[in-house]
Number of protein chains: 2
Amino acid sequence: MPLLPRRFDRIKSVLNRRMSNLTVLAEEVEKPHNLSAILRTCDAIGILQAHAVFKQSKIPTFNSTAQGSQKWVKLVKHPNIEVAIKSLKGEGFKIYGTNLNEQAKDYRLFDYKGPTAFVLGAEKWGLSQLATSLVDESIFIPMRGMVQSLNVSVASATLLFEALRQREKVGISPNSGEGLNTDLYNKTLFEWSYP
Amino acid sequence: MPLLPRRFDRIKSVLNRRMSNLTVLAEEVEKPHNLSAILRTCDAIGILQAHAVFKQSKIPTFNSTAQGSQKWVKLVKHPNIEVAIKSLKGEGFKIYGTNLNEQAKDYRLFDYKGPTAFVLGAEKWGLSQLATSLVDESIFIPMRGMVQSLNVSVASATLLFEALRQREKVGISPNSGEGLNTDLYNKTLFEWSYP
Ligand SMILES: C[S@@+](CC[C@H](N)C(=O)[O-])C[C@H]1O[C@@H](n2cnc3c(N)ncnc32)[C@H](O)[C@@H]1O
Ligand SMILES: C[S@@+](CC[C@H](N)C(=O)[O-])C[C@H]1O[C@@H](n2cnc3c(N)ncnc32)[C@H](O)[C@@H]1O
């Protein structure tokens, strides 16, 4: 089916607002509706690609909660958490682990305007010790209730909307393609236009 | 089983931070994991009770995503949306409907420090026309992606964390019981202590 001009314009305007320097890394987040809600939020924020590590041989599944966002936010799978974090560090990302332990700091204390990756933990266990030892900072979202944690997709949205808020405030959230380098822009435009 | 002193202290410290003047009203939000995540976020924010309208004869169900928050955030069920909104208005709440239509305004334009209720819509349809016509304001969370909407539990968390942020900024988020009147405080303390 040929690509309609209106569709192409829509695709371009969304791509113009994509950022390659903000992302999440999900460590064994397994429930389809959580993974789906996370990708859907990434799409809404303007994230180009998300990262994940899954339990051995687990293939991620999405459900209706994703609303097709898995087509617009590439999910990069890494063999294990160490490889994942090191590769993001290699690309210049500052790595923020989410943690409910004593060392973690209030997430509002940090500046997320530079290359930022939030590491999210499994529904049951949270972040692994290995992940915690590899991140640059441990952060948490203060809570005032009886329950000890937030749902992981809610936590990731809270962090991502804060990062976007900081960027919008100083006018650095992209709107004409400046969030991606030219090669990545063109490659993604082609993939999105001719899936 | 007798209530342990440590447990009682924990219950009191959470109750000391509860607010009766911030809430959500869910209109036919049906999926257990969405309803569960919404209540869990309400607990974390410090909301005393949430409100809902369900399709005829539907009984709300929660799943593991709730993590027991349904015990700590009372869900008040109303017979229909008109009764629900009118009763909240009668209690002095300003009613913000979430809407993706042309009339809706950016949620960051409003002040949520006074009595505030956010009305959330069904996963498939969003808010009913009737609800939209009854709210005081229609608001939306700006999105930058291909998908047309956020997951409803993510949207509610984004709004509630913004309301909390505004309140914390000016030091009016309660921490010693001032968010509830004495009767409500005592009644809730009793219910929480001897469930
Ligand atoms: C349900 S929680 C895991 C709970 C686990 N029992 C623990 O102690 O870490 C799943 C993930 O959600 C995120 N999360 C939940 N609550 C959070 C909070 N208050 N601050 C930051 N991240 C949070 C984290 O990524 C966490 O690993
Ligand atoms: C999946 S959406 C409903 C989508 C529906 N097709 C529509 O057009 O309204 C379910 C609910 O999530 C909330 N929601 C989703 N995205 C939102 C946004 N960007 N701003 C505010 N609320 C939103 C609203 O309460 C909405 O009724």
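The values are calculated or read from the model by the stated rules, or taken from the named source; none is laboratory data. Keep in mind that what you see is a predicted model, and the values were worked out from it rather than measured. Cβ sites come from the backbone with ideal geometry, for glycine too, and all protein chains shown count toward neighbours. Just the protein is used for accessible areas: all its heavy atoms, side chains included, with ligands, DNA and RNA removed. Shrake-Rupley method; radii C 1.70, N 1.55, O 1.52, S 1.80 Å.
Read through the list (1) closer than 18 Å to B:H51 by Cα; (2) within 8 Å of ligand 2 (Cβ to nearest atom); (3) touching a residue at least 40 places away in the same chain (Cβ under 8 Å); (4) open to solvent by 20 Å² or more (accessible area, probe 1.4 Å), then give the number of the only condition that B:G126 fails.
Answer for B:G126: the failing condition is (3).
Yes or no, residue by residue, for (1) at pLDDT below 95; (2) within 16 Å of ligand 1 (Cβ to nearest atom):
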{"position": "B:N101", "(1), (2)": "yes, no"}
{"position": "B:W125", "(1), (2)": "yes, no"}
{"position": "B:T132", "(1), (2)": "no, no"}
{"position": "B:I141", "(1), (2)": "no, no"}
{"position": "B:A157", "(1), (2)": "no, yes"}
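Go through (1) more than 10 Å from chain A (Cβ to nearest Cβ); (2) closer than 25 Å to A:T65 by Cα; (3) touching a Phe, Trp or Tyr at 6+ places or on another chain (Cβ under 7 Å); (4) charged (D, E, K, R) and name the single condition B:E137 misses.
For B:E137, the failing item is (2).
Could you identify the single residue in B:A66, B:A44 that is at negative phi and modelled with pLDDT of 95 or more? Break it down into steps so the answer makes sense when it comes.
Details: B:A66 fails: modelled with pLDDT of 95 or more.
The unique qualifying residue is B:A44.
Per-residue answers, yes or no, for (1) assigned to a loop (DSSP other than H, G, I, E, B); (2) surrounded by fewer than 20 Cβ atoms within 10 Å (Cβ to Cβ); (3) more than 14 Å from every other protein chain (Cβ to nearest Cβ):
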| residue | (1), (2), (3) |
| --- | --- |
| B:L100 | yes, yes, no |
| B:Q103 | yes, yes, yes |
| B:K113 | yes, yes, yes |
| B:V119 | no, no, yes |
| B:S133 | no, yes, yes |
| B:P142 | yes, yes, no |
| B:G145 | yes, no, no |
| B:Q148 | yes, yes, no |
| B:V154 | no, no, no |
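Out of everything in the stretch B:130-184 that is free of Cβ contacts under 8 Å to residues at least 12 places away in the same chain and basic (K, R), what residue ends up being nearest to ligand 2 (Cβ to nearest atom)?
Here the residue is B:R144.
Can you name every residue in the stretch A:24-46 that is more than 13 Å from ligand 2 (Cβ to nearest atom) and among the small types (G, A, S)?
A:A26, A:G46
Looking at (1) among the acidic types (D, E); (2) open to solvent by 20 Å² or more (accessible area, probe 1.4 Å); (3) within 9 Å of chain A (Cβ to nearest Cβ), which is the only condition B:E162 fails?
(2) is the only condition that B:E162 fails.
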